[in-house]
Amino acid sequence: MTTIPTTAGTTPSIAAAASTARGGTGATLGDFNVFLSLLTTQLRNQNPTEPMDTNRMTQELAMFASVEQQTLMNQHLERLVALQQAAQLTAAAPLMGRVVEVESDYLPLQGGTAALRLPPAGAVTEARITITDSAGRVLHQQRVPLAAGQRTVWSWDGRDAEGRTLPDGAYHVQVEGTAADGLASSPLPFTVFGVATAAERQEDGALRLMLGPLPVGFDKVRGVGDTLG
């Protein structure tokens with residue numbers, strides 16, 4: 001009697017393929033026909049004397065349908081994310097040309113001017129502002145008294161310690177507080193101002209707002225206005 005060879009031991013099952021898809025293999029998850037081909041190949045090469053168990057067949061068909069639904073769901077989610085990102089970019093249009101207050105360790109110098117906002121006086125009565133370049137060299141340093149009960153806006157004219165005018169750019173800024181007894185405290189929280197010039201979507205899908213040379217995330221925005229302060 002002629003024996004019909006079986007490939008049950010070498011043909012991958014639908015369940016195994018689905019497990020691979022759920023593990024993040026985009027090519028498998030995105031190609032519905034792969035699973036159909038696996039199913040038909042498995043049925044074609046099974047041993048007629050030992051056909052696939054009905055329960056197993058039902059399970060693999062259910063897994064097959066589940067993978068199809070997951071594929072469609074992922075496609076819909078990708079479209080929704082793309083639409084949301086486009087909507088965020090559109091929503092950022094009214095910000096262009098306006099003064100935006102953000103959290104950042106960099107101060108955008110635009111048109112020869114920059115500004116930041118300091119917290120109200122408390123245990124700390126004076127702030128020491130230090131501006132450095134990309135190499136860490138101190139360009140400007142100034143002590144600013146803090147006002148009781150209100151925040152102080154400090155402006156910089158873009159000149160270094162020797163009075164030279166610096167080019168527009170993003171400069172690192174550090175603010176430290178000094179208590180009434182003259183002892184330095186921990187760094188003070190502050191925000192910086194800048195004029196919004198563009199909104200961009202990066203390759204990873206993240207959105208950022210451009211304040212001239214300074215990129216910031218939209219989650220760092222703390223206020224919008226027409227003038228400083």
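The values are calculated or read from the model by the stated rules, or taken from the named source; none is laboratory data. Not measured: the values here are computed from a predicted model. FYI the Cβ positions are ideal-geometry reconstructions off the backbone, even for glycines, and counts take in every protein chain you see.
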### Message
Of all residues being in a strand (DSSP E or B) and touching a residue at least 24 places away in the same chain (Cβ under 8 Å) in segment 203-220, which is farthest from Val99 (Cα to Cα)? Just the residue, please.
### Response
Leu207
### Query
So, of the residues in segment 139-195 that are part of a loop (DSSP other than H, G, I, E, B) and of a type in the set (D, E, K, R), which turns out to be nearest to Gln110 (Cα to Cα)?
Asp168
### Query
Does Gly212 satisfy being surrounded by 18 or more Cβ atoms within 10 Å (Cβ to Cβ), under 30 Å from the mean Cα position of the chain (by Cα) and either of a type outside the set (Lys, Arg) or not assigned by TED's automatic domain parsing to the domain that holds Leu107 (or both)?
yes
## Note on the structure
Of (1) closer than 30 Å to Ala87 by Cα; (2) part of a strand (DSSP E or B), Ile129 satisfies every one except (1)
#### Entry: Residue match in segment 166-183 (condition: modelled with pLDDT under 95 and on the phi > 0 side of the Ramachandran plot)
yes
